[in-house]
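For reference, the structure is listed below as structure tokens.
Every read-out reported here was derived from the displayed coordinates using simple, explicitly stated rules and does not represent laboratory data. Since the model is a prediction, treat every value here as computed from it, not as a measurement. Cβ placement follows ideal geometry from the backbone for every residue including glycine, while neighbour counts extend to all protein chains displayed.
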Amino acid sequence: MEPITLVLILAGLAVGGAGGYYGRKMKSQDALEKSQKEADKIKSEAAKEAKEEVLKAKEEALKIKEEAKKEEKERRDQIAASEKRNIDKEKVLDERTKKLDETRDKVEKDKEEVEDIKNGLRDIRKKQMAALEKISKLSTDKAREKLLEIVEKDYKKDVLNLIKKVEIETKEEADKKAREILSTAIQRLAGDMTSETTVTAVTLPNDEMKGRIIGREGRNIQAIERATGCDIIVDDTPETIVISGFDPVRRHVAKRALESMMKDGRIHPTKIEEAVAKAQKEIDKEIKEAGEQAVYKTGVAGLPSDLVKVLGRLKFRTSYGQNVLQHSMECSYLAGALASELGADVNLAKKAALLHDIGKAVDQEIEGSHAAIGRDIAKKFGLDEKIVNAIEAHHEEAEFKSIEAIIVQVADTISGGRPGARRDTLEAYIKRLTELENIANSFNGVEKSFAIQAGREVRVLVSPEELDDLKSEKLAKEIAAKIEKDLKYPGQIKVNVIREKRITEYAK
């Protein structure tokens, strides 16, 4: 290659390189200028925004400062008002305290004056009493004794009559008050008596059976309650559930059905309905047989079969722990014996006594006393009017119209009041009678005392030489008060004080 050509090539390369370098430099300078402009623009906008934020913050600060000043002013006003009220109250209290001090001083002064007057009156009274004692030649105690003697001697009869009058009026008022007290007591205690007498316990073979009786989501226990009309109570008591309901027959149907299902092992809604229906038939049969047995054993004939079935329901009823059907049969025996001794109609007395509590068989379903319900049942079956009256009057809710009605009432009292018949035990009964006689014997002037009428009456014989009629009246009240204080007993106890003076002389 020629030298000139080589030189030209090198010169071209140098010019091209210089041109490229210059071009790139110009391009970089343009980019740098553009970036600088962008940065200046961003800086300018940021400065503007910062200035706006500062102005806004200053405005907010001024606003908060003004609100704070306003609140401070309101608080100062409130504090000033409170201080003014407190000052006013202190002034009022100071005035009241001043008045109270003045009143107290006045009361103390009046008290001293009254005490001086009392002392003066005491001195005057002492002088008067001394003058009277000097004139009458009797001391105060002797004069009082003399006066009491004269009053007792002259007005003894009047005092006794007054005591009797007060007793009659007090008894009438006490009867009225007793009805009110008994009504209240029955209401406050209704829950306790219901839980005692309207539940039946069922023993389970194991606690697993509780779950089966309840069923899934309680469907079995709901089916039992629907079918029997009783509440099934499942609690924490091991291996026991409780059937609750006012109708004793329903409770026994439920119990019989549960026992049958537990024995069978299958418990579901369909089986429950079958078991309850079967138990109902069994109980109905048992009721009928119980009524027939009661009629047969007492020798009462001529009763309608439906009435005999109602009588059999009493097998499942108790009164104070005494089975009502057994009580009715016992009354029938007693009424027959009493009627035979008194020459009354034996068959009528036995029949009326057997049926006297027939109302208790359905008194959970019908409103009214069992005597009134029994009267209506007897009328419905066309029984003799004397039987109807005996049933109605055995608790003195109606007038006795025959001697047989009185006999039924007496038989009922004897059966219910005899030792061991009802909840009271024989030992407690004897102990109460002994304590009753001991209380009466503890008073001065008492010769003998006897607890009679199954503890419903205490008869007290007093010495006529030690106690007169007035003191005997007082003794009866004291004995009654001590019995009320020291003894616990059902009903009421009659205190009968007897003062009898006997004069014996012998002709020789």
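With respect to the cross-link table entries LYS142/LYS448; LYS171/LYS485; LYS401/LYS488, which display a Cα-Cα separation exceeding 24 Å? Can you show the working numbers first?
Numbers: LYS142/LYS448 35 Å; LYS171/LYS485 19 Å; LYS401/LYS488 36 Å.
Pairs exceeding 24 Å: LYS142/LYS448; LYS401/LYS488.
Taking the alpha-carbon set of region 467-508, what are its Rg and Dmax in Å?
Every Cα atom of region 467-508 included, Rg and Dmax give 15.9, 54 Å.
How do the peptides 280-288, 372-380 rank, highest first, by the average count of neighbouring beta carbon atoms within 10 Å per residue?
Values: 280-288: 16.2, 372-380: 19.7.
The most tightly packed comes first, giving 372-380, 280-288.
Using mean Cβ contacts within 10 Å as the protection proxy, how do 497-505, 446-454, 463-471 order, highest first?
Numbers: 497-505: 9.7, 446-454: 15.8, 463-471: 14.2.
Taking the mean over residues of other Cβ atoms within 10 Å, the ranking is 446-454, 463-471, 497-505.
When a/c is below 1.5 the answer is rounded, else prolate if a/b is larger than b/c, else oblate, so apply that to region 357-405 with a ≥ b ≥ c taken from the square roots of the Cα gyration tensor eigenvalues. Could the numbers behind the result be given before it?
Values: a/c = 2.60, a/b = 1.49, b/c = 1.75.
It comes out oblate by the Cα gyration axes.
THR318's amide H: which non-local residues (gap 5+, or another chain) put their own amide H closer than 5 Å, with H modeled 1.01 Å from N in plane and none for Pro or chain starts?
Here VAL324 satisfy the definition.
Could you give me the ³J(HN,Hα) list for region 93-105, computed from phi with Karplus coefficients 6.51, -1.76, 1.60 and θ = phi - 60°, whole Hz, x at Gly and Pro?
Each residue of region 93-105 in turn: 5, 4, 5, 5, 4, 5, 5, 5, 4, 5, 5, 4, 4 Hz.
Give me VAL253, VAL410, VAL460 sorted ascending by neighbouring Cβ count inside 10 Å, so fewest comes first.
Working: VAL253 28, VAL410 16, VAL460 24.
Final ranking by Cβ density, sparse to dense: VAL410, VAL460, VAL253.
Provide the per-residue ³J(HN,Hα) series for region 305-311, in order, calculated from phi with Karplus coefficients 6.51, -1.76, 1.60 and θ = phi - 60°, each as a whole number of Hz, with x at glycine and proline positions.
With coefficients 6.51, -1.76 and 1.60, one gets 4, 5, 5, 4, 5, 4, 4 Hz.
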